[in-house]
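Student: Okay, here's the structure, questions in a sec.
Every number here is computed from the coordinates shown, using simple stated rules; none is lab data. These numbers were taken from a predicted model, which means no experiment stands behind them. A quick note on method: Cβ atoms are made from the backbone with ideal geometry, for glycine too, and the neighbour counts reach across all protein chains shown.
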Amino acid sequence: MRNCSRFLLAVAIGIVVLGLAHMPAWAGGLLASGAELRLSCENGGEYPIQPRAVAVDGDLVTGYLFLNPRHGVHIRLIPMGFGYRYAGRGVWFDGTRGAALLYLDKHHPIACRVLAGEMTATLSVRN
């Protein structure tokens, strides 16, 4: 019985490891699994995104967009026919793959790039 449970545990660990190894790096054009995400915008701001829930295929489902160092806005994926939209209270961004438009104001979008990897600088926000 003890050998059987060890075998089943080894099989389960193997399945999990193989599943994680085959996760796409940019599934859905946005999320690299385990990577830090951020919006790097033309206004000079870098806005980190902290994932909260990630789909099996690697898409970000919900998370927090940090507009300043102490306050993260909860964002969630809104299904679109083409591209993606993440929206939260008073803020949203639309895009395809690594390009996005950040709306801090309804009529003034800010062009951004979605970047994955380590933060190159501290959070800096300029409006």
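Student: Give, as a single signed number, the net charge of other residues whose beta carbon lies under 14 Å from the beta carbon of Tyr103, with Lys and Arg counted +1 and Asp and Glu -1.
Tutor: Summing Lys/Arg as +1 and Asp/Glu as -1 gives 0.
Student: Rounded, prolate or oblate: which fits the range 25-116 when a ≥ b ≥ c are the square roots of the eigenvalues of the alpha-carbon gyration tensor, with rounded for a/c under 1.5 and prolate only if a/b beats b/c?
Tutor: It is rounded, given that a/c, with a ≥ b ≥ c, falls under 1.5.
Student: Which value in nm describes the separation of the simple spin-label points at Thr62 and Met80, placed 7 Å from the Cα toward the beta carbon?
Tutor: 2.1
Student: What's the extension gain from Ala53 to Glu36 if we count 0.36 nm per residue and subtract their Cα-Cα distance?
Tutor: Stretched fully, the Ala53-Glu36 segment lengthens by 4.8 nm.
Student: Per 0.36 nm of contour for each residue apart, how much would the distance between Leu101 and Arg70 grow if the chain were fully extended, relative to their Cα-Cα spacing?
Tutor: Extra length from Leu101 to Arg70 when fully extended: 8.9 nm.
Student: Scan around Gly58 for amide H atoms under 5 Å from its own, H built in the peptide plane at 1.01 Å from N, and keep only partners 5 or more places away or cross-chain.
Tutor: For Gly58, no residues qualify.
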